[in-house]
1. Are any residues in region 133-147 assigned to a loop (DSSP other than H, G, I, E, B) and in contact (Cβ under 8 Å) with a residue 40 or more places away in the chain, and if so, which ones?
2. Which of the residues that make up region 56-67 are among the polar types (S, T, N, Q) and either over 16 Å from Thr183 (Cβ atoms) or surrounded by fewer than 15 Cβ atoms within 10 Å (Cβ to Cβ) (or both)?
3. Being among the charged types (D, E, K, R), outside any helix (DSSP H, G or I) and surrounded by 12 or more Cβ atoms within 10 Å (Cβ to Cβ) is the filter here, so list the residues in region 68-116 that pass it.
Amino acid sequence: MLGFKSIKAALLISMLGFAGLTATTQAAAACSFVSTKDGSPLAIKATGTDTPQAKEFLETCINPYTKAYAADPTLIKKGGKKLFGYNGCSGCHGGKLEGVMAPSLSKFGGQGAFDTKWVYAKNATDKGMFETISGGTPGTSGGVMATWHVTLADHVGDGLSTDDILQIIAYIRSEYKGDGEKTWLK
């Protein structure tokens, strides 16, 4: 028969284990992704080819490239800007993010209703913009954006990796000219 101290110790260990499990579950839940199209979960998980930056984002929902690009603008041309152009983003959003068939991403003004504000309010965060690019959009601004993340079904062409999307987001953030708060730098 177990003594009172043994039962107490076992109970304490169980409670600590449960608290650790709860904290782990909460941390994982903090970085779950949802579709901009319909609010359903986006099953984006780390892959063997992900960079350390991509893995960090998938764990924390904080884009490590955003602050890095702000601190060293020379990184922009090597990464995000090049990826933006190579993957056809400029065809809709313009070579200078000014908006062509899709809204402006620099938010410096223009002819469209969404050229000075985000079409989807969640795009004010890197996590929200990641969800929008990864899973596409329903067409609130007049046009539908396709699914881009390589791990999601029906992605465009070869798709984009988590790292590619994060670098594109950092490029977009680096070119922001709107008067709104730069929440992504906090």
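None of the figures in this text is laboratory data; all of them are computed from the coordinates on show. As the structure is a computational prediction, the values presented were derived from the model and not from experiment. We place every Cβ from the backbone using ideal geometry, glycine too, and count neighbours over all the protein chains shown.
1. Answer for region 133-147, where residues must be assigned to a loop (DSSP other than H, G, I, E, B) and in contact (Cβ under 8 Å) with a residue 40 or more places away in the chain: Gly136, Thr137, Pro138, Gly143, Met145.
2. Thr60
3. Lys96, Glu98, Lys107, Asp115 - these are the residues of region 68-116 that are among the charged types (D, E, K, R), outside any helix (DSSP H, G or I) and surrounded by 12 or more Cβ atoms within 10 Å (Cβ to Cβ).
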